[in-house]
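Notes follow the structure.
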Amino acid sequence: MTKLAVYPGSFDPITRGHEDLIRRGLVFSDHVVVAVATQVAKQPLFTLEERLALVTTVLGRDARLEVQPFDGLLVEFARRIGAPVIVRGLRYVSDFEYEYQMALMNRKLAPEIETLFLVPSFDLTYLSSSLVREVARFGGAVGDLVHPAVSKALAAKFAKR
Ligand code: PNS
């Protein structure tokens, strides 16, 4: 039986931190579905299609990894694809409260699905999509924080503005 895990997020855009966690997910699962949220809290910088395309490019050809959009409740998506595990990264104490709340609510909605928190690589702990967007917006170098395709997409996005 394939051990499936879902790694959900906004991925606006995908960073080296996300990539690190996706690969760590493969330590305990055979297949990781990177679930890209269609509806995100604030107006995203990248459209859903752009976010999906960037994740697809970044993951490259690896049969163990897959990208899918999702809307509505995450646990419903996980149920639909038969994933018993949701993977989330925990970077700082400030992440904890929101992540804990979300994990408990997800468990209430779907008791059969477990949330697994993973710790990112030390040098990527400070990284977030919002910081990357902020740095790129003002022309700062993000080359070592994101895949080259993402770096290019950020430059193109802000050149247009
Ligand atoms: O990258 P993000 O923005 O931290 O990802 C958050 C995301 C998209 C995983 C989360 O907001 C989510 O699961 N949204 C779907 C709606 C849902 O199921 N919410 C959790 C119920 S508490």
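The values are calculated or read from the model by the stated rules, or taken from the named source; none is laboratory data. The structure presented is a predicted model; accordingly, all values stated were derived computationally and were not measured. Here Cβ is always computed from backbone atoms with ideal geometry, including for glycine, and neighbour counts include all displayed protein chains. What goes into the accessible areas is simple: the full protein's heavy atoms, side chains included, and nothing from ligands, DNA or RNA. Shrake-Rupley method; radii C 1.70, N 1.55, O 1.52, S 1.80 Å.
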- Item | Per-region count, segment 1-56, residues open to solvent by less than 40 Å² (accessible area, probe 1.4 Å), out of contact with any helix residue (DSSP H, G or I) (no Cβ under 7 Å at 6 or more places or on another chain) and among the charged types (D, E, K, R) | 1
- Hits in segment 107-152 (condition: farther than 30 Å from Ile81 by Cα and outside any loop (DSSP other than H, G, I, E, B)): Phe122, Asp123, Leu131, Val132, Arg133, Glu134, Val135, Ala136, Arg137, Pro148, Ser151, Lys152
- Residue hits (segment 56-82; of a type outside the set (Lys, Arg), within 19 Å of Thr115 (Cα to Cα) and either over 16 Å from the mean Cα position of the chain (by Cα) or assigned to a helix (DSSP H, G or I) (or both)) are Gly72, Leu74, Val75, Glu76, Phe77, Ala78, Ile81, Gly82
- Do you know which residues across segment 86-120 are within 15 Å of the chain's Cα centre (by Cα) and either open to solvent by less than 30 Å² (accessible area, probe 1.4 Å) or of a type in the set (Asp, Glu) (or both)? Ile86, Val87, Gly89, Asp95, Glu99, Leu118, Pro120
- Message: Among the residues of segment 141-155, are any surrounded by 15 or more Cβ atoms within 10 Å (Cβ to Cβ), closer than 24 Å to Leu26 by Cβ and near the ligand (Cβ under 9 Å from one of its atoms)?
- Response: no
- Query: Within segment 57-80, which residues are among the β-branched types (Val, Ile, Thr), crowded, with 18+ Cβ neighbours inside 10 Å and more than 10 Å from the ligand (Cβ to nearest atom)?
  - Reply: Val58, Val67
- Task: Could you tell me whether any residue of segment 100-118 is touching a residue at least 60 places away in the same chain (Cβ under 8 Å) and within 13 Å of the ligand (Cβ to nearest atom)?
- Result: no
- Within segment 83-99, the residues that are assigned to a helix (DSSP H, G or I) and either of a type in the set (Ser, Thr, Tyr) or touching a residue at least 12 places away in the same chain (Cβ under 8 Å) (or both) are Ser94, Tyr98, Glu99
- Task: Exactly one condition in (1) assigned to a loop (DSSP other than H, G, I, E, B); (2) within 13 Å of the ligand (Cβ to nearest atom) is not met by Ser29; state its number.
- Result: (2)
- Query: Taking segment 32-42, which residues are outside any strand (DSSP E or B) and either at pLDDT 95 or above or away from the ligand (no atom under 13 Å from the Cβ) (or both)?
  - Reply: Thr38
